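To start, the structure itself, in structure tokens.
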Amino acid sequence: MPQGNDLYWNRMVPELTVSDFNASLTFYVDVLGFHIMIRRGAPDFAYLSLGEAQLMLEAAHDTGWRTGELEHPYGRGVNFQIEVEDVMPLVARLAQHGIALYRPLTDNHYATGSDSACQREFLVQDPDGYLLRFSQYIG
């Protein structure tokens, strides 16, 4: 990842269509601690980052990327794993804002060939119901 003022763009970045742009931006920035890399309007759009994770938010509009009618919760059938150094500050921030976890904090072990890896993780839904799985690699 480039250092300093160089902007780094991940090769795959999800763009989430949101029903209430301001509510979503507040959730991602003020609650979860994402940083705004780019912000523009008409339609409202933001490119966000948290550590090395990146995602985009765009207000729902008639000429957007929709392939069908959007119904809450959005993003059915997908969860976005976001790896962070430490999940505990996020758990605390969510609790501070009164936001319930979709799945509680757990240490999960996943097979990786002949070994296994442990991730401390929890799931939370954003204002539109997108499922976010924050994980911390334990070993």
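Assorted remarks:
- Using a Gaussian network model of the chain in which every pair of alpha carbons under 10 angstrom is joined by a spring, one finds that among Ser24, Ser49, Ser114 the greatest mean-square fluctuation is at Ser114.
- About its Cα centre, the chain has a charge dipole of approximately 60 debye under the convention of +1 per Lys or Arg Cβ and -1 per Asp or Glu Cβ, with nothing else charged.
- Structure-derived semi-axes √(5λ) of the Cα gyration tensor in Å - corresponding label in (i) 37, 20, 11; (ii) 23, 14, 13; (iii) 26, 18, 16: (iii)
- Overall Cα dimensions of the stretch 55-134, principal axis frame, Å, largest first: 47, 36, 18
- Per-residue Cβ neighbour rank within 10 angstrom, fewest leading, Ile82, Ile99: Ile99, Ile82
- Mean sequence separation of contacting Cα pairs (under 8 Å, at least six apart), scaled by the length of the stretch 79-139, corresponds to a relative contact order of 41 percent.
- Secondary structure note: in the chain, about 75% of the DSSP beta bridges are antiparallel.
- For the chain: relative contact order, % (alpha-carbon pairs under 8 angstrom, 6 or more apart): 21
- Relative exposure of Glu15, Glu83, Glu69, judged by other C-beta atoms within 10 Å (fewest first): Glu69, Glu15, Glu83
- For the chain, calculated [θ]222 nm from helices alone, where every DSSP H run of n ≥ 4 adds -39500 (n - 2.57): -3000 deg cm²/dmol
- Computed magnitude of the charge dipole of the stretch 87-139 (debye, nearest 20; Cβ of K, R +1, Cβ of D, E -1): 120
- Amide H contacts under 5 Å for Leu16, placed H, 5+ residues apart: Met56, Leu57, Glu58
- Cβ-based exposure ranking for Asp126, Asp86, Asp115, in which fewest neighbours within 10 Å come first: Asp115, Asp86, Asp126
Bear in mind these aren't lab numbers, they're just calculated from the coordinates by the rules spelled out. Since this is a predicted model, take the numbers as computed values, not measurements. Neighbour counts run over all protein chains shown; Cβ positions are idealised from the backbone, glycine included.
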